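Have a look at the structure below, then the notes.
Every read-out reported here was derived from the displayed coordinates using simple, explicitly stated rules and does not represent laboratory data. Everything quoted here is computed from the prediction, not taken from an experiment. Please note: Cβ atoms are built from the backbone with ideal geometry, for glycine as well, and neighbour counts cover all protein chains shown.
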Amino acid sequence: MLIDVALVRKLVAEQFPHWAHLPVRPVPVGGNDNRTFHLGDEMSARLPSAEGYVASVEKEQRWLPVLAPHLPVPIPAPLAQGRPGAGYPWPWSVNRWLDGDTARHDTVGDLTGFAVDLAGFLTALQAVDTGGEPAAGRHSFWRGAALDHYDDETRAAIAALDGRVDAAAATAEWVAALDATWQGRPVWFHGDVAGGNILVRDGRLAGVIDFGTSGVGDPACDTVIAWTFLDAPARAAFRAALGVDDATWQRGRGWALWKALIVLARNGDDTAAAAQIDLVLGRPRLG
């Protein structure tokens, strides 16, 4: 459905009339799972783009205030929860606006320093105790759960890409990730640690957003940025600072391989996904 400025204005006017005078503006990177808009200068409106993302609203409303005091940089702070209305069928959120630029190679100054700071954030996140909830599952799109949930999809992508990727090497890498079973206690994970969900100011880590796929489980999925964004020195620094063991690192490689394979299988000219596959399989192009 169309989620635009006009819809957000209607929802705000109906449900939060005390904010109806505030301007609503789109943001440069509005998101895919959720659409985000400026609401005035100090708030954002965040609306799920499909029914599958609705569970994140209640989760973020419940847990972000629990996590925030324990983390070294800001995360979204829920201010209100909207309800269906104005033709929009799902709950939605109003959060405090976080300033910063999306993390890109041209906005991050020292990539190795950034990697160490990000590892510090993830270490602090993993240390927050919530008694095992919300446990990884459908709400997290199985991030934090066992990789074998995506086994059939991954093998189908490898078969479809045979001849374009080294199918034998990809299968061996995937099987190694499946075999590197997780033995640790459940901890908090973000679930989508990617440049678009990381904010920087003056080249340094300044905030982390979009906890829609977060939960409590295996944190290996949060290492994927090592192969999608970091160069070799930063990757090594990230792993050392995070204290990742061999099995967790292997599962992280599996998460990175899964996503790149399915993206390339769906979009055959995606050069970033192809390069990511090469990097995971030991044919580095990205640094």
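Only strands (runs of 3 or more DSSP E) wholly contained in segment 22-127 count here; list those with 2 or more residues that are in contact (Cβ under 8 Å) with a residue 60 or more places away in the chain and over 25 Å from residue 244 (Cβ atoms).
Details: elements: 24-26, 34-39, 43-48, 78-82, 92-96.
Because the criterion is at least 2 residues that are in contact (Cβ under 8 Å) with a residue 60 or more places away in the chain and over 25 Å from residue 244 (Cβ atoms), the strands (runs of 3 or more DSSP E) in segment 22-127 that meet it are 78-82, 92-96.
Can you name every residue in segment 245-267 that is among the polar types (S, T, N, Q) and in contact (Cβ under 8 Å) with a residue 60 or more places away in the chain? The answer is 248, 250. For residue 239, are the conditions met, namely being in contact with a Ser or Thr (Cβ under 8 Å, 6 or more places away or on another chain) and of a type in the set (D, E, K, R)? When the stated conditions are applied, residue 239 passes them.
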